[in-house]
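Worksheet for the structure shown next.
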Amino acid sequence: MSLVRPSLARLFWVAALSATVAACGGSDDDSAPAPSPAPTPAPSPAPGGNATLNGRVTSSTDGSAVAGARVTAGNASATTDANGNYSMSNAPAGERTVVRVNATGFGEGFAVESTAANTTRTANVRLQPVGGVTQGAGSGTVTATVSGSTAQVVIPANSVVDAAGTPITGNYSVALTPINPAQDVTAMPGYYRVALAGGGVGQMESWGALNVTLTDATGRRLNLGSGKTATLRIPVATRSAELPASIPLFYFDESGGLWVQQGSATLHGTGAGAYYEGSVSHFSYWNADRLLETVYVNGCVNNLNAQGQAAGAAANVQVTSDGIDYSGSSAIRTDAAGKFRLPIKRGGKAIVAGFLDGKITNSVTAGPANADITLPDCLTLEAQASGVSIKLTWGARPYDVDSHLRTPDGSHIYYASKGSLTQAPFANLDVDDTDSNGPEVVTIRRLMIGTYTYGLRNYSDSFDPGMTGSPVRVELNYAGRSHVFGPPAGEVADSTEWLTLFNLTVDARCNISVTPVNRWSTSDLVSVPAPVAASYCTP
């Protein structure tokens, strides 16, 4: 196949634009300045009192609701309903309120929210299905693994105790849940915030993580006894081109909501068989990470009215980063003036976007830069929770996977025709990526009545692996709900370059229905309805 896409030229253009954005915030000198101070969370709310926490618990594999999950925060608890929703009116207020979620068949999940008394916050939690469960006896060595993965834990004999410290001699279960931050950066709890040894809070980037949970026959949690250690193997999963030979280990402090450095791990294996191996003295989430040197993205968020015009500052918007060339994230809420100061990796690139109660902003790319960045324009927040965001990620290969969106009026949104959020078709390819991993983001601001069709093209036309083996992951978000799509069976090397994933149908009141298509084809998207005259829904 002859490729005519100007990928290299586009990469130079992106680099030039990034340098321009960086210059808006200060020096564009290539010399390395002193590192920025460690990221500081938003000011602590007044201690004491209760807050209300609402949210939805979903599966990371497809975005489906997880019903019957137990959600706790301090002494508050709730159980998710059939739609995965929960609400707690007596959650503790604090700078880092830790929300814990447990559900059968899933690894333990967490969210960390800054809450104040008599306020309401949304804390959605995405659960990772357990990768593998191994049965063993306390009197013998237990080696737990995950099929098709390098994930492993080896627990020596007579090392496991219950909460009271009593040794376990009978049978117990080991559940392993590998975490792939390169595919889904939000799979890690705590927004990658680290408790620094000298005080304060920093940020980290990840090369992979593993959640380990031990339980006895009654479901009671178990752990390693005092002075005992186990050996972990964490599968390598990162958007970074660098693979350190040795890397620090961090565990998630479930009470404080921060990551804590403890020990280190060494690299073994190559390619898909690579893993980091190290010893640990207790079980939780364990992460192969490194502290970041950071710069800050300074920006603002404005509300939009129903006509799409600026309508003043948007306060309390959760603004997040998603690393493009590193696996890491950060989050901060806008102040009363709609302003934010968000840490990202120094010299790295990240997507920046905002979310509030089901409403979304546009997404922008920030970096690379060696000094703080000031975004030239404010992010803009939808007036209603009727916007749509579609995020594509994939692996190191194919190098270039493209998003393609067909709107009801026949407009085609893709790299050569990115669209617009301020005029018809009110759909835009906010972020395009051409050199592995993604993310690539499409935003729809005003919903057109009719059916949108979304799919992918393996622009690299390489199948070693293809989109199935990469693997491709597409996350559709709208009105606080999400769907996750991956490649179905049927990809054929050198033939099936296109994959149509779903149709999204909008009625006159902006109600959305999603219909999976999941069809491979040799040219262009399939199942695309005939174009209709453009008209827009009213929520």
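Comparison of 257, 225, 269 shows that the only residue that is touching a residue at least 24 places away in the same chain (Cβ under 8 Å) and within 25 Å of residue 148 (Cα to Cα) is 269. Taking the stated definitions as given, is residue 461 at positive phi and open to solvent by less than 50 Å² (accessible area, probe 1.4 Å)? Answer is yes for this residue.
Only one residue in 427, 385, 369, 396 is closer than 21 Å to residue 181 by Cβ and small (Gly, Ala, Ser), so which one is that? It is 396. Could you count how many residues in the stretch 379-396 are outside any strand (DSSP E or B), touching a Phe, Trp or Tyr at 6+ places or on another chain (Cβ under 9 Å) and either buried (at least 20 other Cβ atoms within 10 Å of the Cβ) or of a type in the set (Lys, Arg) (or both)? Number of matching residues: 2.
Any residue at all in the stretch 304-321 that is open to solvent by 20 Å² or more (accessible area, probe 1.4 Å), at pLDDT 95 or above and under 20 Å from the mean Cα position of the chain (by Cα)? Yes; the residues of the stretch 304-321 include at least one that is open to solvent by 20 Å² or more (accessible area, probe 1.4 Å), at pLDDT 95 or above and under 20 Å from the mean Cα position of the chain (by Cα).
Just checking, how many residues over the stretch 496-514 are of a type in the set (Ser, Thr, Tyr), over 18 Å from residue 403 (Cβ atoms) and surrounded by 11 or more Cβ atoms within 10 Å (Cβ to Cβ)?
Going through the stretch 496-514 one residue at a time, the tally reaches 1.
Do we have residue 47 as assigned to a loop (DSSP other than H, G, I, E, B), open to solvent by less than 20 Å² (accessible area, probe 1.4 Å) and at pLDDT below 95 here? Answer is no for this residue. Taking the criterion of being among the polar types (S, T, N, Q) and open to solvent by 10 Å² or more (accessible area, probe 1.4 Å), the residues of the stretch 406-457 that qualify are 411, 417, 420, 422, 423, 428, 434, 436, 437, 451.
Yes/no per residue for (1) in contact with a Phe, Trp or Tyr (Cβ under 9 Å, 6 or more places away or on another chain); (2) touching a residue at least 24 places away in the same chain (Cβ under 8 Å); (3) closer than 18 Å to residue 437 by Cβ; (4) surrounded by 20 or more Cβ atoms within 10 Å (Cβ to Cβ):
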| position | (1), (2), (3), (4) |
| --- | --- |
| 329 | yes, yes, yes, yes |
| 334 | yes, yes, no, yes |
| 337 | no, yes, no, no |
| 342 | yes, yes, no, yes |
| 350 | yes, yes, yes, yes |
| 356 | no, yes, no, yes |
| 360 | yes, yes, no, yes |
| 377 | no, no, no, no |
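Considering only residues that are touching a Pro at 6+ places or on another chain (Cβ under 8 Å) and outside any strand (DSSP E or B), look in the stretch 281-303 and name the one that is least open to solvent (accessible area, probe 1.4 Å). Taking the candidates together, the pick is 292. Annotation: of all residues in the stretch 408-423 being within 26 Å of the chain's Cα centre (by Cα) and part of a loop (DSSP other than H, G, I, E, B), the one that is farthest from residue 378 (Cα to Cα) is 415.
The residue that is nearest to the chain's Cα centre (by Cα), among those in the stretch 192-203 that are open to solvent by 30 Å² or more (accessible area, probe 1.4 Å) and on the phi < 0 side of the Ramachandran plot, is 193. From the set of residues in the stretch 148-157 that are under 19 Å from residue 169 (Cβ atoms) and part of a loop (DSSP other than H, G, I, E, B), which is most open to solvent (accessible area, probe 1.4 Å)? If we take residues in the stretch 148-157 being under 19 Å from residue 169 (Cβ atoms) and part of a loop (DSSP other than H, G, I, E, B), then 156 is most open to solvent (accessible area, probe 1.4 Å). Across the stretch 217-239, the qualifying residues are those that are over 17 Å from residue 279 (Cα atoms) and open to solvent by 20 Å² or more (accessible area, probe 1.4 Å), and the one among them that is nearest to the chain's Cα centre (by Cα) is 238.
Residue-level check: of (1) at pLDDT 95 or above; (2) among the aliphatic types (A, V, I, L, M); (3) within 25 Å of the chain's Cα centre (by Cα), residue 160 misses just (3).
For every residue, the table says whether it meets (1) touching a Phe, Trp or Tyr at 6+ places or on another chain (Cβ under 8 Å); (2) crowded, with 23+ Cβ neighbours inside 10 Å; (3) free of Cβ contacts under 8 Å to residues at least 60 places away in the same chain.
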| residue | (1), (2), (3) |
| --- | --- |
| 123 | no, yes, no |
| 128 | yes, no, no |
| 132 | no, no, yes |
| 138 | yes, no, yes |
| 146 | no, no, yes |
| 161 | no, no, no |
| 169 | no, no, yes |
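Flag: residue 206 matches the condition of being open to solvent by less than 10 Å² (accessible area, probe 1.4 Å), among the small types (Gly, Ala, Ser) and either under 22 Å from residue 100 (Cβ atoms) or part of a loop (DSSP other than H, G, I, E, B) (or both). The residue that is least open to solvent (accessible area, probe 1.4 Å), counting only those in the stretch 77-97 that are in contact with a Gly (Cβ under 7 Å, 6 or more places away or on another chain) and at pLDDT below 95, is 91. Close contacts from the stretch 102-114, counting a first residue that is free of Cβ contacts under 8 Å to residues at least 24 places away in the same chain and among the aliphatic types (A, V, I, L, M) and a second that is assigned to a strand (DSSP E or B) and open to solvent by 10 Å² or more (accessible area, probe 1.4 Å), with Cβ to Cβ under 9 Å and a gap of 6+ residues or different chains, come to none at all. Just to be sure before I move on: is residue 474 modelled with pLDDT of 95 or more and either surrounded by fewer than 17 Cβ atoms within 10 Å (Cβ to Cβ) or of a type outside the set (Ser, Thr, Tyr) (or both) in the structure I sent? Against the criterion (modelled with pLDDT of 95 or more and either surrounded by fewer than 17 Cβ atoms within 10 Å (Cβ to Cβ) or of a type outside the set (Ser, Thr, Tyr) (or both)), residue 474 qualifies. The set of residues in the stretch 523-539 that are more than 14 Å from residue 406 (Cα to Cα) and open to solvent by 60 Å² or more (accessible area, probe 1.4 Å) comprises 523, 538, 539. Examine the stretch 424-432 for a residue that is farther than 30 Å from residue 305 by Cβ and either part of a loop (DSSP other than H, G, I, E, B) or over 25 Å from the mean Cα position of the chain (by Cα) (or both), and state whether such a residue exists. No, every residue in the stretch 424-432 fails to be farther than 30 Å from residue 305 by Cβ and either part of a loop (DSSP other than H, G, I, E, B) or over 25 Å from the mean Cα position of the chain (by Cα) (or both). Is it true that residue 136 is touching a strand residue (DSSP E or B) at 6+ places or on another chain (Cβ under 8 Å), at pLDDT 95 or above and small (Gly, Ala, Ser)? No: the conditions fail for residue 136.
The values are calculated or read from the model by the stated rules, or taken from the named source; none is laboratory data. Remember, it's a predicted structure, so these values are computed and weren't measured experimentally. When we count neighbours, we look across all protein chains shown, and the Cβ atoms used for this are built from the backbone with ideal geometry, even at glycine. Areas reflect the complete protein model, heavy atoms only, side chains present, ligands, DNA and RNA absent. Shrake-Rupley method; radii C 1.70, N 1.55, O 1.52, S 1.80 Å.
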